[in-house]
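See below for the structure under consideration.
The values are calculated or read from the model by the stated rules, or taken from the named source; none is laboratory data. Keep in mind the model is a prediction, meaning the values are calculated, not measured. Reconstructed Cβ throughout: ideal geometry from the backbone, glycine too, with neighbour counts over all protein chains shown.
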Amino acid sequence: MLIKLPSTSDCKETDVTPESIYLSRRALLGASVTGLAVSALPRWANAADPSQYADVEPGAAPQWFKDKLASTKWQAVNVNNEAITPFKDATHYNNFYEFGTDKGDPAQNSGALKTEPWSVVIDGEVGKPGRYALEDFMKPYQLEERIYRLRCVEAWSMVIPWMGFPISELLKQVEPTSNAKYIRFETLQDPKSMPGQRSGFALIDWPYVEGLRLDEAMNPLAILAVGMYGRELPNQNGAPLRLVVPWKYGFKSVKSIVRISLVSEQPKTTWQSIAANEYGFYANVNPTVDHPRWTQARERRLPSGLFSPNVRQTEMFNGYGEQVAALYTGLDLRKNY
Amino acid sequence: MRFLVWRLAVFLACCVAPVLWVYQAWIFALGPDPGKVLVDRLGLGTLILLLITLAMTPLQRLTGWPDWIVVRRQLGLWCFTYVLMHMTGYAFFILGLDWGQLGVELVKRPYIIVGSLAFLCLVALAVTSNRYSQRRLGARWKKLHRLSYLILGLGLLHFLWIVRADLKEWSLYAVIGALLLILRIPAIARRIPRIYKRKTVV
């Protein structure tokens, strides 16, 4: 009787690669190489040029911004399988009523806005109030790229790669007192460079004011942004400093900020003052609470073609419920819209 | 012949705008949300055509030129065509052909209710715009077509309720609309001076 002792280097029957896999090895190899190339692409692209996005108009970034690019944490927060809105659309379809009410007005009229020098006033219930030049204001912070969904109250949405830092880090710097319950933001008021503020028919009482509850501002998702698409903010997108709160309707994310105040009372915000029945203080994205004039259950993800409308269901808290829903436990979101 | 060329010119002018808009929307020249822009433009186009239609009679009185009246019906029908396209665009691009949602909108949104009422009135006017209806309805025809004043009011209200933050554009159309209605008050209409005297009676 022949006893066959397999040597340890021999292959077993179960180790045999199935024929189908053997035959498809090239496809597999090809796919994995492509995957590698794709995953390596952003970093590789960064080395040559911080902007890894197609068709981004180069800006004229201030020195402090360029200095921060090297240490920027790219794609710190991302979206799953959602296409980033083309730069052209994100910069030519804007609501920034200081420059006019049409979507194209901000891109057309914001050229006169002077963002350098820029200073930000910090006041109210803080240990360290003051007026800071923007480059000094920005000094303590490392930039992070945050790719967020943006849901406008008008039922359209985009996906935008912002660059900024969490408001919580600012709060650490300015040391709010125990009286501070809310944070209030104010946009520049300068009728000379902002034609919308010269209109005698505007319903808005300038300057534009927005605010958050302090715990909302402390949420890691809430950021102050200074850039997008790997460059500094274009004027029409709220240069040089704006708020981005992705789980709230876009109008909460106030642009071209000149003043940040910590206050004890809920601030009177702009849209709430114009039409309190349409725009609440919280303004959380909520598909179950309609705007009185239209439904909020669905949104048009832009670009949305004429014969291929890109309509999708709106998600509660714009899809950020996991991170923010706890802020609102016990609060009736139908009343506090 | 003179009328033919004049009528054709008006026809082409009214035809060109929507064709151009659809083409622009198609190639994304109207931005990333072309459906919405198209609906807005067609709505504003409807209002402008209504104002132009209502301007024909005062213009004729003012200038004595009879040709204004020749194109009045055509302009009115263009106004109806635009509103038809406006509604189709709304159903397609805004509503996404979700008819259940249409019911909700019709009950809940005042600006949709007002707009729909104006649309129904325009349908009534378009249907009775032919000579046969004019003969059938006789004196009542004129009364029925005074609905256009109501339509103007409803249209302006519909527009006002869409405005979010700046009333400048709306005010412009409202003032023109008010002026056109004031010119129809008999006491004022009688006093409209003729700039040119008619040479011969046609």
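Listing for the model above:
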read-out	value
Selection from the stretch A:151-176 of residues that are within 13 Å of A:Ile223 (Cα to Cα) and in a strand (DSSP E or B)	A:Pro161, A:Trp162, A:Met163, A:Gly164, A:Phe165, A:Pro166
Tally, over the stretch B:102-124, of residues that are within 12 Å of chain A (Cβ to nearest Cβ) and hydroxyl-bearing (Ser, Thr, Tyr)	1
Condition met for A:Ser168 (modelled with pLDDT of 95 or more, of a type in the set (Gly, Ala, Ser), surrounded by fewer than 20 Cβ atoms within 10 Å (Cβ to Cβ) and under 25 Å from the mean Cα position of the chain (by Cα))	yes
Considering residues of the stretch A:66-125 that are basic (Lys, Arg) and part of a helix (DSSP H, G or I) only, the residue surrounded by the most Cβ atoms within 10 Å (Cβ to Cβ)	A:Lys68
Subset tally (residues that are within 14 Å of chain A (Cβ to nearest Cβ), part of a helix (DSSP H, G or I), of a type in the set (A, V, I, L, M, F, W, C) and crowded, with 22+ Cβ neighbours inside 10 Å) for the stretch B:25-56	4
Among the residues listed as A:Ala225, A:Ala239, A:Ala180, A:Ala202, the single one being within 14 Å of chain B (Cβ to nearest Cβ) and among the small types (Gly, Ala, Ser)	A:Ala202
Criterion (touching a Lys or Arg at 6+ places or on another chain (Cβ under 9 Å) and of a type in the set (A, V, I, L, M)) met by exactly one of A:Leu243, A:Leu331, A:Leu302, A:Leu306	A:Leu243
Count - residues of the stretch A:254-285 that are under 14 Å from A:Pro207 (Cα atoms) and in a loop (DSSP other than H, G, I, E, B)	6
Residue list for the stretch A:177-202, filter: over 22 Å from A:Gly111 (Cα atoms), part of a loop (DSSP other than H, G, I, E, B) and in contact with an Asp or Glu (Cβ under 7 Å, 6 or more places away or on another chain)	A:Thr177, A:Asn179, A:Ala180, A:Phe201
Enumeration of residues in the stretch A:296-321 that are more than 11 Å from A:Arg151 (Cα to Cα) and among the basic types (Lys, Arg)	A:Arg312
Selected residue (criterion: nearest to the other protein chains (Cβ to nearest Cβ)) from residues of the stretch B:156-186 that are over 18 Å from B:Thr57 (Cβ atoms), in a helix (DSSP H, G or I) and in contact with a helix residue (DSSP H, G or I) (Cβ under 8 Å, 6 or more places away or on another chain)	B:Trp170
Filter pass, B:Leu152 being in contact with a helix residue (DSSP H, G or I) (Cβ under 7 Å, 6 or more places away or on another chain) and either part of a helix (DSSP H, G or I) or closer than 18 Å to B:Thr53 by Cβ (or both)	yes
Which numbered condition A:Pro220 misses (of (1) under 19 Å from the mean Cα position of the chain (by Cα); (2) of a type outside the set (D, E, K, R); (3) surrounded by 19 or more Cβ atoms within 10 Å (Cβ to Cβ))	(3)
When residues of the stretch B:63-93 are limited to those that are crowded, with 22+ Cβ neighbours inside 10 Å and at pLDDT below 95, the one nearest to the chain's Cα centre (by Cα)	B:Gly89
Residues that are closer than 25 Å to A:Ala76 by Cα, of a type in the set (S, T, N, Q) and in contact (Cβ under 8 Å) with a residue 60 or more places away in the chain, drawn from the stretch A:151-185	A:Ser157
Residue check, B:Ala187 among the aliphatic types (A, V, I, L, M) and either in contact (Cβ under 8 Å) with a residue 24 or more places away in the chain or surrounded by 13 or more Cβ atoms within 10 Å (Cβ to Cβ) (or both)	no
Out of A:Arg184, A:Arg213, A:Arg198, sole residue that is in contact with a Phe, Trp or Tyr (Cβ under 7 Å, 6 or more places away or on another chain), of a type in the set (Lys, Arg) and surrounded by fewer than 24 Cβ atoms within 10 Å (Cβ to Cβ)	A:Arg213
Any hit, the stretch A:299-307, residues being within 20 Å of the chain's Cα centre (by Cα), more than 14 Å from chain B (Cβ to nearest Cβ) and part of a loop (DSSP other than H, G, I, E, B)	no
Pairs, first away from every other protein chain (no Cβ under 13 Å) in the stretch B:83-101, second aromatic (Phe, Trp, Tyr), C-beta under 7 Å, six or more apart	B:Val83/B:Phe119; B:Met87/B:Phe119
Filter result for the condition that a residue is touching a Pro at 6+ places or on another chain (Cβ under 9 Å) and without any contact (Cβ under 8 Å) to a residue 60 or more places away in the chain, over A:Gly211, A:Gly127	A:Gly127
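Table: residues versus (1) over 30 Å from A:Gly127 (Cβ atoms); (2) more than 14 Å from chain B (Cβ to nearest Cβ); (3) acidic (Asp, Glu); (4) outside any helix (DSSP H, G or I).
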{"position": "A:Pro246", "(1), (2), (3), (4)": "no, yes, no, yes"}
{"position": "A:Phe251", "(1), (2), (3), (4)": "yes, no, no, no"}
{"position": "A:Asp332", "(1), (2), (3), (4)": "yes, yes, yes, yes"}
{"position": "A:Tyr337", "(1), (2), (3), (4)": "yes, yes, no, yes"}
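This table checks each residue for (1) in contact with a helix residue (DSSP H, G or I) (Cβ under 8 Å, 6 or more places away or on another chain); (2) within 24 Å of B:Phe11 (Cβ to Cβ).
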site	(1), (2)
B:Ala91	yes, no
B:Leu95	yes, no
B:Asp98	no, no
B:Gln101	no, no
B:Gln134	yes, yes
